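The values are calculated or read from the model by the stated rules, or taken from the named source; none is laboratory data. Everything quoted here is computed from the prediction, not taken from an experiment. Don't worry about glycine lacking a Cβ; one is built from the backbone with ideal geometry, like all the others, and counts go over all protein chains shown. Just the protein is used for accessible areas: all its heavy atoms, side chains included, with ligands, DNA and RNA removed. Shrake-Rupley method; radii C 1.70, N 1.55, O 1.52, S 1.80 Å.
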Number of protein chains: 2
Amino acid sequence: LLREAGRHVAAVFSPRAVLVISDEQVAARYLGAVTASLQGAGFSVSTALVPPGEQSKSKDRLFDLYEACFAARLERRSLIVALGGGVVGDLAGYVAASYLRGIPFVQMPTTLLAQVDSSVGGKTGINLPGGKNLVGAFHQPSLVLSDVAALATLDDRQYRAGLVESVKHAAIADAEYFDYLEKNIEPLLSCDTAVLEHIASENCRIKAAVVAEDPTEQNKRRILNYGHTLGHAVETASAFSLLHGEAVAAGMIAAGMLEDAMGLVKDERLSRLRRLLEQLGQPTRIPKAISKAALIDLLKRDKKAVGQWPRFVLLEQLGRTLCKESQWAHEVAPEAVETVIEALV
Amino acid sequence: LLREAGRHVAAVFSPRAVLVISDEQVAARYLGAVTASLQGAGFSVSTALVPPGEQSKSKDRLFDLYEACFAARLERRSLIVALGGGVVGDLAGYVAASYLRGIPFVQMPTTLLAQVDSSVGGKTGINLPGGKNLVGAFHQPSLVLSDVAALATLDDRQYRAGLVESVKHAAIADAEYFDYLEKNIEPLLSCDTAVLEHIASENCRIKAAVVAEDPTEQNKRRILNYGHTLGHAVETASAFSLLHGEAVAAGMIAAGMLEDAMGLVKDERLSRLRRLLEQLGQPTRIPKAISKAALIDLLKRDKKAVGQWPRFVLLEQLGRTLCKESQWAHEVAPEAVETVIEALV
């Protein structure tokens, strides 16, 4: 797909100026092919690279990219392409959201996490010293081009952590898809192309349907946050030694234990969830080095906190989240959360 | 109104955390009263100040304010108040647009330009070294509280330049309002309260109606750009020695001359426009120090350029802009623009 990028982008946009934003690692593999293909389809292409890694979602890289937009003489009708993983997607997407008060952009995700989650839904942003994604915008991509062939070059740990978002989408929205994941552990772990195409497409379908109902996360979109409330805190408290998916795995188990403590679990879902995550090589506990106090403090600062305490997305059953009084995220007493954290460390 | 700010904000928002952003000059006059009033209405108030002047619409001041939001533990339901002129409104509005991907904000404009124009419509942003407002967002204020008593302390030149946006709104949308301005030169220049309340309210009404039809400037909102295409270029080329309104005054005359060259002027509007602007003490020519080449280069980089040349909003008659083939901004040959520039320098 990346080699045919020009044809796919031309199906949505007439030829115009394009700035392709990528990271140095991804660019070494794919930038030449993408640029050539876009040029072949009549686009006028400029490029801008950032170093790989989360630290590029920063004030200084953001403003370097604005300067690149200015140097490329981008106009409101121009186009930005985000070629890379979640960091490039969030950063380039945010440049597109804010340069000239918003220009269109295309996602070309090259990691599993980006393909199964972050490239869809329009969340873009950068980090502040105080936390991840504290500055950002909702800005929907005009096209998401997921080439699963790019996943063959991924680091194994990154790849497996990316599968956690597939588990999440299945758990909140589609019990049959959860069955499918359970039955396809082997091909999943060996990057079977047909299975990868299926999960990239299923995840997009599930996420896009939720986002279309509630693009700016006023209510229902919160269900995508399942496992992420404690997950984000664990990820930050680990000083990012845990990958996002790994932290969310522990966060989903925590959500399941909260459901259990509230008497909501009447099926096998918690044990099925734990087994599936373990088979995918994911942690289902919180690392011992992380203190409960640090997690509680991070939860109080959660972006979505209301009155300095976050709400939690819970399952009603596998494939369906709990909705009570039109609310999709629920009040859970801090004491109950502390008990779960103690049990998980 | 500023002394009663708490009551007016409480009519829209239940008590919650508020960060009031202002500049040091405005804060010295009004911050105490606004803070006390908000606290009296039950809001929990933090404050953050920037230096006065356009140079505060910068990367560094923006990120200082994000840190202030973090220190104030703002949540998505919290509120930002912009207390000041256009610079504070644009900057604080952009903080509100982008912190946590958007939190609500209230405008409390204290200059005429902000009251009659920039506080309404949701354009927020900061400057880059290459140009004004190159980074920004559309983010509508939940409330605009315009206290005309604040205008009494304004610098006279700033005040008169602010009146230019009233002339603009009248010219594009309301011929009766244009008559009113012509008949009220004296009370306008002497800051008569009743006249000021009338123009603040008329401008809001006209601008809000246009913005409600096209919030993100896809088409009709462009009419607000009347006089601004060349105006922005003149303002930048003067290195901001001309005030915004002064540059727009020259830009409106230029638009009128383009209309004339195209055979569109069959009434007295160009002479009426020139006379009204002169009576308000505004320049109707381009300063000699500005070169045509600099203006042409700036026009090519206009944010709204299409194929590196901007389109121009033109009048059909006083009180109505020209709309042709559903377009509100029109192609004008670069040669015609050059001729007008030569005639105006």
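First check a/c for region B:80-134, with a ≥ b ≥ c the square roots of the eigenvalues of its C-alpha gyration tensor; if it is under 1.5, answer rounded, and if not, answer prolate when a/b is larger than b/c or oblate otherwise. In terms of gyration-tensor shape, oblate.
If you place +1 on the Cβ of every Lys and Arg, -1 on the Cβ of every Asp and Glu, and leave all else neutral, what size is the dipole of chain B about its Cα centre, to the nearest 20 Debye?
Values: 37 positive and 40 negative charges, 171 e Å.
Dipole of chain B, to the nearest 20 debye: 820 debye.
Inter-label distance, A:Thr153 to A:Asp297: 4.1 nm, where each label sits 7 Å from its Cα along the C-beta direction. Using only Cα atoms and rounding to the nearest 10 degrees, what angle (0 to 90) does helix A:244-261 make with the longest principal axis of chain A? For helix A:244-261, the angle is close to 30 degrees.
Which shape class, rounded, prolate or oblate, goes with region A:176-256 when its Cα gyration tensor gives a ≥ b ≥ c as root eigenvalues, a/c under 1.5 marks rounded, and past that a/b bigger than b/c marks prolate? All intermediate terms of the calculation are to be shown ahead of the outcome.
Details: a/c = 2.09, a/b = 1.16, b/c = 1.80.
It comes out oblate by the Cα gyration axes.
Label-point spacing at A:Asp297 relative to the other copies reads 5.2 nm, in ascending order, each point sitting 7 Å out from Cα along Cα→Cβ. For A:Lys123, a cut-off of 19 angstrom between C-alpha atoms picks up these lysines, skipping any fewer than 8 places away in its own chain: A:Lys57, A:Lys59, A:Lys132, A:Lys168, A:Lys207, A:Lys220, A:Lys303, A:Lys304.
Computed from the Cα positions only, the extents of region A:49-185 along the three principal axes stand at 51, 30, 28 Å, in decreasing order. Buried surface for the B/A pair, taken as the accessible area of each chain alone minus that of the pair with a 1.4 Å probe, is close to 3700 Å² in total.
Sorted largest first, the principal axis extents computed over the alpha-carbon atoms of the protein assembly as shown equal 81, 64, 36 Å.
Once you order the gyration tensor axes a ≥ b ≥ c over the Cα atoms, which shape class does region B:20-101 get: rounded for a/c under 1.5, otherwise prolate or oblate by comparing a/b with b/c? Judged from the Cα gyration tensor, region B:20-101 comes out oblate (a/c at least 1.5, b/c at or above a/b). Across all directions, the average flat footprint of the convex hull enclosing the Cα atoms of region B:263-309 is 5.2 nm². The protection proxy used here, the mean number of other Cβ atoms lying within 10 Å of each residue, ranks peptides B:96-108, B:184-196 as follows, highest first: B:96-108, B:184-196.
Between copies, the label points at A:Pro51 (set 7 angstrom from Cα along Cα-to-Cβ) are spaced 3.0 nm, reported in nanometres from shortest to longest. Each other copy places its own label point for B:Arg7 at 6.9 nm from this one, sorted shortest first, where the point lies 7 Å along the Cα-to-beta carbon line. Only protein heavy atoms count here; on that basis, with a 1.4 Å probe, A:Asp214 has an accessible area of about 20 Å². Here B:Arg7 and A:Glu325 are evaluated by their C-beta separation; at R0 = 35 Å the FRET efficiency comes out at 0.65.
When the gyration tensor of region B:226-345 is built from Cα positions, what are the square roots of 5 times its three eigenvalues, in whole Å, from largest to smallest? Write out the running numbers ahead of the final one.
On the way: eigenvalues 82, 69, 29 Å².
Three semi-axes, in Å: 20, 19, 12.
Principal axis extents of the Cα atoms in region A:155-301, from largest to smallest and rounded to whole angstrom, are 44, 34, 31.
What does the charge add up to near A:Ala41, with Lys and Arg as +1, Asp and Glu as -1, over the other residues with Cβ less than 10 Å from its Cβ?
Values: positive: A:Arg7; negative: A:Glu4.
It works out to a net charge of 0.
Debye sum, Cα scatterers, chain B, no solvent: what log₁₀ I/I(0) at q = 0.07, 0.14 1/Å? With one equal scatterer per Cα and no solvent, log10 I(q)/I(0) is -0.28, -1.12. In the protein assembly as shown, taking the dipole from charged Cβ atoms about the Cα centre, the farthest positive-side position among B:Val12, A:Gly86, B:Leu322 is held by A:Gly86.
Over chain A, calculate the relative contact order: mean separation of alpha carbon pairs under 8 Å at least 6 apart, over the residue count, as a percent. Write down the numbers at each step before the final one.
Values: 620 pairs, mean separation 44.6, N = 345.
Result for chain A is 13 percent.
One equal scatterer on each Cα of region B:276-345, no solvent, Debye formula: the resulting log10 I(q)/I(0) at q = 0.15 Å⁻¹ is -0.65. The residues of chain B expose, per residue, 38 Å² of accessible area to a 1.4 Å probe. Neighbouring Cβ atoms from other chains, within 10 Å of the Cβ of residues in A:95-102, number 6 on average.
Dipole magnitude for region B:251-295: about 160 debye, using +1 per Lys or Arg Cβ and -1 per Asp or Glu Cβ, origin at the Cα centre.
Over the Cα atoms of region A:236-280, compute the convex hull volume and normalise it per residue, giving Å³. It would help to have the intermediate numbers written out before the result.
Working: hull volume 2.9 nm³, N = 45.
It comes to 64 Å³ per residue, whole-number rounded.
Taking only Cα atoms and a 10 Å spring cutoff, compute GNM fluctuations for chain B and point out the largest among B:Arg77, B:Arg274, B:Arg61. Ranking B:Arg77, B:Arg274, B:Arg61 by mean-square fluctuation puts B:Arg77 first.
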